[in-house]
Amino acid sequence: MASAACYRAVSATLVAGIAFFLQGCVGVQPIKQAEKPPVKRVLPAAVEKDEFAQAEAALQAGLQEEALDLYRAYLEKHPAGKNAARALRKLGDIFYREGAYNNALKYYEKLAEDFPEYPERPEIGFRIIRIYNNLGRYHTSRYRALEWIKQYPDDPLTGRVYNVLGLDYEALQDNEQAFLWWLRAEKKTAADSRLQSEIRERVLHIIETSDIETLTRMAGYASGTDFIPPLYYRIAMLSLKVDDFVGARKAAMELVRSTSEQTWVNRGRELLERIEAELSVKAGTFGCLLPLSGPFAPFGEEVLNGIQLGLGVFGAGGGDGPTVEMLIRNTEGNPEKAAAEVEDLVKQEHIIGVVGPLSSKASAAAARKAEKLGVPIITLTQREGIAGEGKMVFRNFLVPSREIKKIISTAVDELALKRFAILYPDNSYGRFFMNEFWDGVEQAGGTIAAVESYEPDQTDFAEQIKKMVGLYYPRPASLVKKLREMRTPYELETEIEPEGPQPIVDFDAVFIPDTYQRVIMIAPQLMYYDVRDVQLIGTSLWQSQKLIEMAGKYVQGAIFPSGFFRKQHDSEVRAFVRRYEENFSAEPGILAATGYDTARMLKAVTNDFSIHTRNELRKALLALREFHGVTGNISFDAQGEVEKEPLILTITGRHMTVFH
């Protein structure tokens with residue numbers, strides 16, 4: 001044995017010496033040492049004799065799969081052993097943490113059934129309840145929870161079991177029982193702030209999604225809790241929604257009495273004021289907000305003329321007499337004054353609804369105030385999104401987006417135009433229409449070939465037009481040659497002397513979203529730079545006889561949208577125009593026509609529906625379908641936006657006509 005050891009030592013020394021020698025030789029690679037095989041984790045020999053201890057050690061070492069196999073092996077050999085209950089618990093816990101609930105349930109159920117004296121049996125029972133809830137087996141979870149409560153009424157986990165019961169009942173669509181168990185859970189889990197927060201969110205959600213009957217029963221359970229104020233507030237709001245003002249008043253009074261928290265007290269008092277206002281509302285009496293002084297006064301006067309004519313103030317045309325009363329208020333075009341007038345009309349005059357205002361800012365302020373006070377308002381503004389201010393806000397006026405949609409469908413679908421140029425003023429109006437038109441054209445399958453902007457007060461448009469047709473920047477020689485090669489033999493033969501660069505008009509139409517005054521200056525300049533035989537397209541601002549008088553020959557065939565055209569063949573339009581001219585010695589425009597239609601529409605709604613409350617008026621307006629007005633057929637969508645198609649007008653000779 002000694003000689004063998006000596007041999008191994010000498011051999012090792014010899015090998016090391018040879019390796020050292022070879023490393024020192026040029027061009028000879030050193031001998032690579034063999035890679036160490038992976039270390040296999042070996043449990044201590046003392047543990048090998050006890051499968052449960054092996055499983056515990058494996059789990060502690062992070063070897064979960066080995067631990068699972070060892071726990072199972074232990075149970076197979078010792079199903080009733082001293083550690084069998086602990087092994088079942090460990091198996092259940094591992095699968096529970098992984099979310100493998102069916103596997104966890106199998107071991108927890110066996111533990112509960114085979115070991116009734118297991119000291120942690122309440123917790124195992126709770127986990128079984130929770131697993132059934134997680135698996136969507138709500139009836140079983142509920143049954144097991146109720147049985148658990150009978151067995152362990154004073155266990156520290158009682159509050160958590162109550163919480164799962166609430167989840168079960170909510171899933172089973174029994175909001176009342178869910179609310180009851182969550183109230184109990186909140187009392188039992190005061191030390192767990194996270195769970196308390198979750199329970200509170202669930203209770204408030206239940207309150208927001210329950211009906212009046214359920215909420216009333218829930219209020220009986222919640223006396224003395226923080227949930228009483230939101231309960232009564234919700235009951236009052238739902239009662240108002242169905243015009244149950246007696247029920248709403250009772251709930252609002254209970255709200256005020258139930259709490260000392262000032263926020264809720266204030267809400268309750270606001271509700272009471274609103275209810276009293278609703279109960280004292282005057283059916284058929286409306287407020288009308290118009291700018292009757294200041295820079296917008298002419299527009300307000302025109303709307304007022306139309307409203308008076310529509311109400312029958314001047315006799316014929318309004319029906320049998322004014323069944324609708326309109327209380328006129330001057331906003332002066334001021335947003336703050338508009339909002340204040342809404343509040344005064346609601347609280348002092350007890351009106352049922354509001355008409356107006358006109359301007360963008362005043363309309364927004366009045367709409368927000370009307371929404372807060374719960375009174376329907378029919379705004380007469382082009383402001384985009386005004387109807388989105390709330391469920392009480394309506395709009396009866398042609399909006400730019402509808403203008404764009406109609407003009408594009410006419411250009412693309414009816415005139416088969418595909419390529420467009422846009423020449424627009426660099427202001428909010430011009431930018432809005434440019435973007436809307438560009439997006440709409442592309443959605444319709446067309447192409448934008450050129451886009452140029454100009455200053456709103458500009459009078460010379462040479463630079464913009466030249467850029468649109470390739471005359472502004474010097475052309476490369478190759479392009480000039482190519483353009484010359486594209487000319488026909490006849491064009492070359494008839495050329496007396498070489499001309500300058502010719503415009504490259506690679507679009508079918510030019511869209512100019514500006515006033516008729518600016519178009520009067522732009523149209524002749526387009527012609528001057530040989531931008532001919534293209535379709536001119538405008539907005540409703542082009543609708544003026546002065547456009548024809550001052551630039552008629554340059555705008556022949558132009559098309560643009562209109563919310564009202566007094567020369568239509570419609571008999572009602574003709575009758576309206578005649579009566580307006582007789583009473584006001586002026587031609588009616590879109591504002592007068594809109595006022596006229598709004599007044600007549602309110603008369604029709606008031607006569608056709610039994611309206612005694614503001615909410616009934618809102619519902620009647622939403623139910624209105626295709627009311628025939630001089631500005632078109634009027635309906636409102638679910639958001640309160642008017643559904644009314646504009647006309648398309650065109651210029652032929654010295655006249656504007658409806659485009660066909």
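List of remarks:
- Among the residues listed as Leu146, Leu180, the single one being at pLDDT 95 or above, under 19 Å from Glu198 (Cβ atoms) and not assigned by TED's automatic domain parsing to the domain that holds Gly220: Leu180
- Pick from the range 246-266, criterion assigned to a helix (DSSP H, G or I), surrounded by fewer than 16 Cβ atoms within 10 Å (Cβ to Cβ) and over 33 Å from the mean Cα position of the chain (by Cα), ranking: modelled with the highest pLDDT: Arg257
- Selected residue [out of contact with any Pro (no Cβ under 6 Å at 6 or more places or on another chain) and within 21 Å of Phe659 (Cα to Cα)] from Phe432, Phe420, Phe394: Phe420
- When the test is whether a residue is in a strand (DSSP E or B) and touching a residue at least 24 places away in the same chain (Cβ under 8 Å), Ile404 does not pass it.
- Residues in the range 323-334 that are in contact (Cβ under 8 Å) with a residue 60 or more places away in the chain and in contact with a Gly (Cβ under 7 Å, 6 or more places away or on another chain): Thr323, Val324.
- Subset of the range 267-294 [in contact (Cβ under 8 Å) with a residue 40 or more places away in the chain and either part of a strand (DSSP E or B) or β-branched (Val, Ile, Thr) (or both)]: Val281, Thr285, Phe286, Gly287, Cys288, Leu289, Leu290
- Tyr143 meets the conditions (1) part of a helix (DSSP H, G or I); (2) touching a residue at least 12 places away in the same chain (Cβ under 8 Å) in every case but one. The failed one is (2).
- Matching residues in the range 613-636 - criterion: being in contact (Cβ under 8 Å) with a residue 24 or more places away in the chain and either assigned to a loop (DSSP other than H, G, I, E, B) or at positive phi (or both): Thr613, Val630, Thr631, Gly632
- Pairing residues of the range 105-120 that are free of Cβ contacts under 8 Å to residues at least 24 places away in the same chain with residues that are β-branched (Val, Ile, Thr), at Cβ distances under 8 Å and at least 6 apart in sequence or on separate chains, gives Tyr108/Ile124; Tyr108/Ile128; Tyr108/Ile131; Glu109/Ile128; Ala112/Ile124; Ala112/Ile128.
- The range 557-593, subset farther than 25 Å from Arg402 by Cβ and touching a Leu at 6+ places or on another chain (Cβ under 9 Å), residue surrounded by the fewest Cβ atoms within 10 Å (Cβ to Cβ): Asn583
- A search for C-beta distances below 7 Å between a residue of the range 335-348 that is without any contact (Cβ under 8 Å) to a residue 60 or more places away in the chain and any residue that is assigned to a loop (DSSP other than H, G, I, E, B), counting only pairs 6+ apart in sequence or on different chains, returns Lys337/Thr331; Ala338/Thr331; Ala338/Pro357; Glu341/Thr331; Leu345/Ile351.
- Note on the range 449-518: enclosed helices (runs of 4 or more DSSP H) holding 1 or more residues that are surrounded by 14 or more Cβ atoms within 10 Å (Cβ to Cβ) and at pLDDT below 80 are 477-485.
- In the range 547-556, the count of residues that are assigned to a loop (DSSP other than H, G, I, E, B), at pLDDT 95 or above and not assigned by TED's automatic domain parsing to the domain that holds Leu345 is one or more.
- Of all residues in the range 179-231, exactly one satisfies the criterion of being buried (at least 19 other Cβ atoms within 10 Å of the Cβ), within 21 Å of Gly268 (Cβ to Cβ) and polar (S, T, N, Q), namely Ser210.
- Filtering the range 330-368 to residues that are surrounded by fewer than 20 Cβ atoms within 10 Å (Cβ to Cβ) and either among the basic types (Lys, Arg) or touching a Leu at 6+ places or on another chain (Cβ under 7 Å) (or both) leaves Asn330, Lys337, Glu343, Lys347, Glu349, Lys361, Arg368.
The values are calculated or read from the model by the stated rules, or taken from the named source; none is laboratory data. None of these values were measured; they are calculated from a predicted model. Every residue, glycine among them, receives a Cβ derived from its backbone with ideal geometry; neighbour counts consider all protein chains shown.
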